[in-house]
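**Q** Below is one structure. I have some questions about it.
Since every read-out is calculated from the coordinates, none of them should be taken as a lab result. Everything quoted here is computed from the prediction, not taken from an experiment. Positions of Cβ are generated from backbone atoms using ideal geometry, with glycine treated the same way; all protein chains shown enter the neighbour counts.
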Amino acid sequence: MKKMKFAPTMVAAAVATVLVAGCNAQATKDQAGMSAGDKAMAAAGAGTSGPPPLAPLGPPPIPPDNQQTPEKIELGKLLFFDPRIGGDASTGCSTCHEPEQGWAWAEDFSRGYPGTVHWRNSQTVVNSAYFPRQFWAGSASSNESQARSAAKGGVAGNGEDDIMEARLALIPEYRARFKKVFGTDYPHIFDVWRAISSFERTLVQRDTPLDKYLLGDKTALSEEQLRGKALFEGKAGCIQCHNGAITSDQNFYNIGVPPNKRWEEDGLAQITFRFEQYAKGQTEEGYRTAKSDWGFYYRSKNPGDKGKFRTAPLRYLAYTAPYMHNGVFYTLEEVVDFYDRGGFDEEGRTTLFPETKSPLIKPLGLTDDEKADLIAFLESMSGEEILMEKPEQPPYAPLFTKAELKAAQEAK
Amino acid sequence: MGVRVTTGRTLLAAAIGLGVAFSAQAGKYPDIGPLPQLKTNKAKAELGKRLFFDKRLSGDAGISCADCHVPSKAYGSKTALSPGYPGNGHFRNAPSLINTAHKKVWNWDGRIGTNLNDMTREMITEDYIMNMDMRIMQERLKQDPVYVKMFKDAGYGEPSNGSVRKAIPEYLKTLTSRGAPFDSGNLSAAARRGMKLFKGKAGCIRCHNGPLFTDQKPHNTGVPENFDVFLDPMNHQAFLAFAMFQGIPDYMHLKRDPGYFNVTLEKKDMGKFITPSLRELRYSAPYMHNGMIKTLAGVVNFYNRGGGKDSNKSKLLKPLHLTGQEKKDLVAFLESLSGKPLTSGQYVWKQPYPSEYPAIENWRQVRN
């Protein structure tokens, strides 16, 4: 298929706008800079209700139309690690979601398709099964749609449906497995996303020290971590957004993350930066003047949403550095210092959209000991590293024999 | 087989029975002759030349136009089947681009009948060819100061997708036959005899006519399938992706290249391919849409036998009964249709491309 992405992008943007308009109608009417989350927090501060407490992680939700089966999970695992699910057969899911790099990519920007670099940080797949919103600006609402968008995006997998489907049809093991799992004679691309999602729904971690503690094992957290928990829920205010079992309220905030300096220094990153403005439906003036990631704005087209990103889940973060949507912080120390300064980095840099910055972000006045306690607690949200052996790629084989081709030639 | 051709046998038999007198028909066809030279804009063509040889015009920056359209092969494919985009192969032989600007229809199956602007877009964006999201391409070009200047000097303003689709066709206009003996009138005696056969006994002129030596119409000549299309999964996957996108029915079971059928989806067009130009043949072997015939002598033998086997084969084809000398004469004439190779710096971008993209200085302050 040709890469005619203009119309689909516009449709997607229109759909997103409608959805978002529904959610944010209220926010648009009053304080432009305050998201639904900000307002909920403001209400909480007034004493109506607090944020949901931290909670142990239950089993992941399984969509009724994509039930888990061992065969589907096994197929999804093969596909997740298969670079043929991409444009030039070199870039699959695991290329940017590398198990040994926290099922993410250990650089500020994700590595991207060959010849490109991405412009956002690759997020871990671990526990993604729980998130009603995927991607930093929440542009996918399921693992299935995330997998599809990532495989097809120009600076990610850069694959087209037809070539990816054609490749799988020429791999006998996939034909047999898809037939068994989905009942089709040849693999269908939408079933690829379904199988991958089933595999991803097994990449969950529910036995962290925090989970054990919350389930009643009071020895699971150290003294230091307990002090950190109290700070998390109190003085540091983290729980205002990082709450519930998944440690994210799934709302969008501008917390003051400064632009990544690579955009000032790296030609390849500048290319992607402009492409993203173009691809995400910026106005001409926006394309000409944007100098940082406008985040949730690209979906809502509401100026009050510039620089806002989905609250990142904190689970598994021991393995997922660097942090933030553009990976500007390489350590948890830097992250905590950033919040402690009220959303400024060590050079005093902050968001280019101070007008949309969340009022929840303000200097915290943490001592060095308190910072250490907080980091110790954050580390309790990760359990053992999840590693696995990568499966071997099933080989291609011709679909027809020479004899069949000769017979067809004779019958012409 | 997915789609069977069930008609045509009786027509073919009838045509053979009639025994058409070819020589009397030469005058019915547009005469062969020199091609007019095309006026080109130098700055635009020069820009198009740099773009044509630039690997950054493909998705993973792995191939340029010239990887399939090789200058020393008259801007055609080195191999029977073109290499295609990394991660897959291809299922046809890239035709010569020399004189392509004179054509009215492009691709072996004739699926583009508008202009080279559309062809350029098709080749750059198709996933098994260059797999380029042209929005990324545009931003790559803006990141290369040489392009920024060249687009400006060419009058296009800043680099854009639309201008690429104009500049490459402008460059292609410079690729026209130069100094072919046929055009300059320096034909050997053998070539002269061959020309007579071409117009007469061999009947080539019925399809290979006009200054381009093609009627630019689809015909089924019965060229055998290249089994490598189907036996090599790299090629087959490109074929399948193509067939899916074209909406060809039952593509998973197809064991032949449907040719012009993919334009009309009518059985009568199964296995038809657009008549190729015969100019620059000396350089563009192997021949036919799938590279199945390696030499000109082989091509002449193929037609001498009346073409290949296909129930939908053109009724114009029948055994020619050429003598050994006649075949040699015909080849001599065909060879006289080739000019000088277009491999000098006038046609080929020979300067190196930058190994990385320089950062735009003072990025925060300047407009994107």
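**Q** Using the 10 angstrom Cβ neighbour count as an exposure proxy, how do B:GLU122, B:GLU361 rank, fewest first? Provide the component values of the computation, followed by the final result.
**A** Details: B:GLU122 17, B:GLU361 9.
Fewest to most other Cβ atoms nearby, the residues stand as B:GLU361, B:GLU122.
**Q** Related question: Can you give me the distance in nm between label points at A:THR202 and A:LYS406, each placed 7 Å from the Cα along the Cα-to-Cβ direction?
**A** Output for this residue pair reads 4.4 nm.
**Q** Oh, and also: Checking the a/c ratio against 1.5 first, then a/b against b/c, what shape does the Cα gyration tensor give for the stretch A:290-403? Don't skip to the end; give the middle numbers.
**A** Values: a/c = 3.57, a/b = 1.60, b/c = 2.23.
Since a/c reaches 1.5 but b/c is at least a/b, the shape of the stretch A:290-403 is classed as oblate.
**Q** Same structure, new question: Under 18 Å from a point 7 Å along the Cα-to-Cβ line of A:ASP65: which residues of the stretch A:107-141 have their amide N that close?
**A** A:132-134, A:140-141
**Q** If a/c stays under 1.5 just call it rounded; otherwise compare a/b with b/c (prolate if a/b is bigger, oblate if not). Do that for chain A, with a ≥ b ≥ c from the square roots of the Cα gyration tensor eigenvalues.
**A** prolate
**Q** Where the only charges are on Cβ atoms (+1 Lys, Arg; -1 Asp, Glu), what is the dipole of chain B about its Cα centre, to the nearest 20 debye? All intermediate terms of the calculation are to be shown ahead of the outcome.
**A** Numbers: 52 positive and 32 negative charges, 250 e Å.
With Lys and Arg at +1 and Asp and Glu at -1, about 1200 debye.
**Q** If you don't mind, there's one more thing I want to ask. Can you tell me which aspartates and glutamates have their Cα less than 14 Å from the Cα of B:LYS173? Leave out same-chain residues fewer than eight positions away.
**A** B:GLU46
**Q** Counting only other chains, what is the mean number of Cβ atoms within 10 angstrom of the Cβ of each residue in peptide A:267-277?
**A** Working: counts 10, 5, 3, 9, 12, 3, 3, 9, 8, 3, 3.
Going residue by residue through A:267-277 and averaging, the value is 6.
**Q** Expressed as an acute angle from 0 to 90° and rounded to the nearest 10, what is the orientation of the C-alpha long axis of helix B:42-52 relative to the principal long axis of chain B?
**A** In chain B, helix B:42-52 runs at an angle near 80 degrees to the longest axis.
**Q** A further question follows. Which residue, B:MET252, B:MET137, B:MET292, has the most motion in a Gaussian network model of chain B that connects Cα atoms within less than 10 Å?
**A** B:MET252
**Q** Whose amide H sits under 5 Å from the amide H of A:GLN134, counting only residues 5 or more places off or on another chain, with H placed in the peptide plane?
**A** Counting only residues 5 or more places away or on other chains, the set is A:SER139, A:ALA140, A:SER141, A:SER142.
**Q** I would also like to ask the following. If each residue's Cβ is checked for other Cβ atoms within 10 Å, how do A:PHE338, A:PHE400 rank with the fewest at the top?
**A** Values: A:PHE338 24, A:PHE400 17.
Listed from fewest to most nearby Cβ atoms, that is A:PHE400, A:PHE338.
**Q** Please check: in the Gaussian network model of chain A (C-alpha springs, under 10 Å), which one of A:TYR396, A:TYR186, A:TYR174 has the largest mean-square fluctuation.
**A** In this elastic network of chain A, the residue with the biggest mean-square fluctuation among A:TYR396, A:TYR186, A:TYR174 is A:TYR396.
**Q** Of the options B:LEU265, B:MET244, B:ILE168, report the single residue whose Cα projects farthest towards the positive end of the charge dipole of the protein assembly as shown (beta-carbon charges: Lys, Arg +1; Asp, Glu -1).
**A** Sorting the options by dipole projection puts first B:LEU265.
**Q** Further, regarding this structure: Please compute, over every Cα-Cα pair in the stretch B:42-172, the percentage with a separation greater than 26 angstrom.
**A** The share of Cα pairs beyond 26 Å in the stretch B:42-172 comes to 16 percent.
**Q** Using +1 at the Cβ of each Lys and Arg and -1 at the Cβ of each Asp and Glu in the protein assembly as shown, identify which of A:ALA169, A:GLY87, B:TYR287 lies farthest towards the dipole's positive end.
**A** So the residue we want is B:TYR287.
**Q** Could you give the angle, 0 to 90 degrees to the nearest 10, between helix B:161-172's Cα long axis and the longest principal axis of the Cα atoms of chain B?
**A** With both axes taken from Cα atoms, the answer is about 50 degrees.
**Q** Using Cα springs under 10 Å in a Gaussian network model of chain B, which residue among B:ASN186, B:ASN117, B:ASN88 shows the largest mean-square fluctuation?
**A** B:ASN186
**Q** Further question: Whole angstrom only: what separates the Cα centroid of the stretch B:84-145 from the Cα centroid of the stretch A:295-346?
**A** 41 Å
**Q** What does DSSP give for the protein assembly as shown in terms of the percent of beta bridges that are antiparallel, rounded to the nearest 5?
**A** Numbers: 10 of 13 bridges.
Beta bridges within the protein assembly as shown, antiparallel portion: roughly 75 percent.
**Q** A further question follows. Can you tell me the orientation of helix A:267-279 relative to chain A, as the angle in degrees between its alpha-carbon axis and the longest Cα principal axis, to the nearest 10?
**A** 80 degrees
**Q** Okay, moving on. Check B:GLY259: other-chain or 5+ apart residues with amide H under 5 Å from its amide H, H built from backbone geometry?
**A** Sorted by chain and number, the residues that satisfy this are B:GLY271.
**Q** Taking R0 as 30 Å, what FRET efficiency do you get between A:ASP369 and A:LYS261 from their Cβ-Cβ distance, rounded to the nearest 0.05?
**A** Details: r = 31 Å, r/R0 = 1.04.
Once the sixth-power term is evaluated, E becomes 0.45.
**Q** Could you work out, residue by residue across B:354-365, how many beta carbons of other chains sit within 10 Å of that residue's beta carbon, and then give the average as an integer? If you can, show how the numbers build up before the last one.
**A** Details: counts 1, 0, 3, 6, 3, 9, 7, 2, 1, 10, 7, 2.
Partner-chain Cβ atoms within 10 Å, mean over residues of B:354-365: 4.
**Q** A further question on this structure: Report the charge-dipole magnitude of the stretch B:42-172 in Debye, nearest 20, computed about the Cα centre from +1 at each Lys and Arg Cβ and -1 at each Asp and Glu Cβ.
**A** On the way: 20 positive and 15 negative charges, 79 e Å.
For the stretch B:42-172, the charge dipole is close to 380 debye.
**Q** To continue, here is another question. Calculate the mean, over all residues of peptide B:59-69, of how many other protein chain Cβ atoms lie within 10 angstrom of the residue's Cβ. Intermediate values should be presented prior to the final figure.
**A** Details: counts 11, 11, 4, 4, 1, 0, 0, 0, 0, 0, 0.
Shielding by partners across B:59-69 averages 3.
**Q** Beyond 28 Å between alpha-carbons counts as too far, so tell me which of B:LYS104/B:LYS267; B:LYS44/B:LYS199; A:LYS280/A:LYS362; B:LYS44/B:LYS142; A:LYS406/B:LYS328 fall in that bin.
**A** Listed pairs above 28 Å: B:LYS44/B:LYS199; A:LYS280/A:LYS362; A:LYS406/B:LYS328.
**Q** Give, in nm to one decimal, the length gained when the segment between B:ARG192 and B:ALA66 is fully stretched (0.36 nm per residue of separation minus the Cα-Cα distance). Could you put the intermediate results ahead of the total?
**A** Values: separation 126, 0.36 × 126 = 45.36 nm, distance 3.44 nm.
Length gained, B:ARG192 through B:ALA66: 41.9 nm.
**Q** Give me the dipole magnitude in Debye, nearest 20, for the protein assembly as shown about the Cα centre, with unit charges on the beta carbon: positive for Lys and Arg, negative for Asp and Glu. If you can, show how the numbers build up before the last one.
**A** Numbers: 99 positive and 86 negative charges, 1094 e Å.
About 5260 debye.
**Q** Considering only the other residues whose Cβ falls under 10 Å of the Cβ of A:PHE190, what net charge follows from Lys and Arg at +1 and Asp and Glu at -1?
**A** On the way: positive: A:ARG148, A:ARG194; negative: A:GLU144, A:ASP161, A:GLU165, A:ASP191.
Surrounding charge for A:PHE190 is -2.
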